[in-house]
Amino acid sequence: MRALAPVVTILALLPGPGPAYAQDVAQTAADASQAAPARPQPRTGDAWIDARLLDMDDYAARHGDAFVDEIVRYHEAPRALVEGALAGGAMRPGDVYFACALAQATGRSCRTVLDARREDPAAGWDAIAAQLDVAPAVYRRIRGDITESYVRWARPLDSGASSPP
């Protein structure tokens, strides 16, 4: 017991978690909740597509060139148009992908669909698709396009997400 006495004495002299510590923890939690605003949702009307578009934002942040190349090559969009839409965060990468995929699936130009989005950036893609009179069956094709893009990127589809119908 005598050997523990110096340790107990030293521990007693150390400052413990008191009111200042509790305030620091509370402030850190408050800062974290304010620092991470909720990401705007694509609102396509298809939860599976929405989740992939949000993931594309993350993918494009790390692999911007591959992301742009995918849209240019497989959705036949002009490189300057895609790069311009992404420049300076003008549009989210998932939105640019969806615009060009929607355009290709409906026989429109990517510029036409991007312009419709720019006219009302607060609208969800479901509202823009309705405005453009897009048939719901088009979404099946876009799901397939997304799946093929993920294969080319060697990016796994989230196993927890429901699979495309």
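The figures follow:
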quantity: For Gly45: the one exception among (1) in contact with a Pro (Cβ under 9 Å, 6 or more places away or on another chain); (2) in a helix (DSSP H, G or I); calculated: (2)
quantity: Yes/no for Leu81 being surrounded by 15 or more Cβ atoms within 10 Å (Cβ to Cβ), over 19 Å from the mean Cα position of the chain (by Cα) and modelled with pLDDT under 95; calculated: no
quantity: Search result, residues across the stretch 73-122 that are of a type in the set (A, V, I, L, M) and either within 18 Å of Arg62 (Cα to Cα) or assigned to a loop (DSSP other than H, G, I, E, B) (or both); calculated: Ala77, Val82, Ala85, Leu86, Ala87, Ala90, Met91, Val96, Ala122
quantity: Residue check for Val134: of a type in the set (A, V, I, L, M, F, W, C) and either closer than 14 Å to Pro42 by Cβ or touching a residue at least 60 places away in the same chain (Cβ under 8 Å) (or both); calculated: no
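Rundown of residues vs (1) at pLDDT below 95; (2) more than 24 Å from Val151 (Cα to Cα); (3) touching a Cys at 6+ places or on another chain (Cβ under 9 Å); (4) of a type in the set (Gly, Ala, Ser), yes/no style:
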site	(1), (2), (3), (4)
Ala36	yes, yes, no, yes
Leu53	no, no, no, no
Gly89	yes, yes, no, yes
Asp95	no, no, no, no
Cys100	no, no, yes, no
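The values are calculated or read from the model by the stated rules, or taken from the named source; none is laboratory data. These numbers come from a predicted model, not from an experiment. Here Cβ is always computed from backbone atoms with ideal geometry, including for glycine, and neighbour counts include all displayed protein chains.
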